[in-house]
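> Got a structure here, written out as structure tokens. Questions coming.
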Amino acid sequence: MNFDKSKTKENLAKAFVAECTDGARYQFMAKDAKAKGYGYISNLLKMIAKNEMAHARVFYDFILNKGKPGRATDCEDCGYENIDVCAGLPYTNYVLPESLNITGQIELHECDDIYKTFREIAIEEGFKEVADAFHYAVQIEHCHYLQLKQIYDKMTNNTLYKTPEEIKWKCSNCGTELINKHAPKICPMCGYEQGYYMIPTEEE
């Protein structure tokens, strides 16, 4: 299969655009979270944004390394071929907590539908390395979904910083650990607000 004529090349371009869009959205969400005093959630969203941009780089590098650059008919000055991308890109609210729920569903759709399909096509066309990358993307996006869903559930149930039983709460700024049913309003060590305490989530 000629890569430049493959469906896989088109899928990589779609994935690149989607991951860049996701990365930007998470940065917007992180800014909103920080403004509302959720320091830990803000940092978590920044980390997810970094993950998404790392995925974008992987997909972009596949296009560069496997494809053959050619002169574009509509971009003669730049000297490289354009890839026409037709894909649905959701434009959603980035204000918490609604954005956590909506973005979590986007992650679930990416891992359960889009990237699994992209992986199958890459296998059929003989691009094993690309198929492996989509396989790992499925796992990572599913973890993102679980994190977002659990935080959203805790926010809407008012259980973000309290639990039925005592657990270990850790300040994400200074590392102070306390065992209690709720995180302290203010960290006794560094004075940071409750929003900087790590929120316990489970990953499958």
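> Is it the case that Cys174 is of a type in the set (A, V, I, L, M, F, W, C) and over 22 Å from His55 (Cα atoms)?
yes
> Moving on to the next point. In segment 155-172, which residues are within 27 Å of the chain's Cα centre (by Cα) and under 19 Å from Tyr196 (Cβ atoms)?
So the first thing to find is which residues in segment 155-172 are within 27 Å of the chain's Cα centre (by Cα), and the list is 155-163, 168-172.
Selection gives Met155, Asn158, Thr159, Leu160, Tyr161, Lys162, Thr163, Lys168, Trp169, Lys170, Cys171, Ser172.
> Residues that are at pLDDT 95 or above and more than 22 Å from Lys7 (Cα to Cα): does segment 122-133 have at least one?
No, that holds for no residue.
> A further question on this structure: Within the bounds of segment 183-195, is there any residue that is in contact (Cβ under 8 Å) with a residue 60 or more places away in the chain, within 30 Å of Ala13 (Cβ to Cβ) and under 23 Å from the mean Cα position of the chain (by Cα)?
Checking segment 183-195: not a single residue is in contact (Cβ under 8 Å) with a residue 60 or more places away in the chain, within 30 Å of Ala13 (Cβ to Cβ) and under 23 Å from the mean Cα position of the chain (by Cα).
> So, one more: Tell me which residues, restricted to segment 19-41, are surrounded by 16 or more Cβ atoms within 10 Å (Cβ to Cβ) and free of Cβ contacts under 8 Å to residues at least 60 places away in the same chain.
Glu19, Cys20, Gly23, Gln27, Ala30, Lys34
> Among the helices (runs of 4 or more DSSP H) contained in segment 92-203, which hold 1 or more residues that are out of contact with any helix residue (DSSP H, G or I) (no Cβ under 7 Å at 6 or more places or on another chain) and surrounded by 18 or more Cβ atoms within 10 Å (Cβ to Cβ)?
By residue number, 98-109, 128-156.
> Right, next: Out of segment 5-36, which residues are part of a helix (DSSP H, G or I), among the polar types (S, T, N, Q) and over 17 Å from the mean Cα position of the chain (by Cα)?
Once the filter is applied, which keeps residues that are part of a helix (DSSP H, G or I), among the polar types (S, T, N, Q) and over 17 Å from the mean Cα position of the chain (by Cα), segment 5-36 yields Thr8, Asn11.
The values are calculated or read from the model by the stated rules, or taken from the named source; none is laboratory data. Quick caveat: nothing in here was measured; it's all calculated off a predicted structure. Note that we place each Cβ from the backbone using ideal geometry, even for glycine, and neighbour counts take in every protein chain shown.
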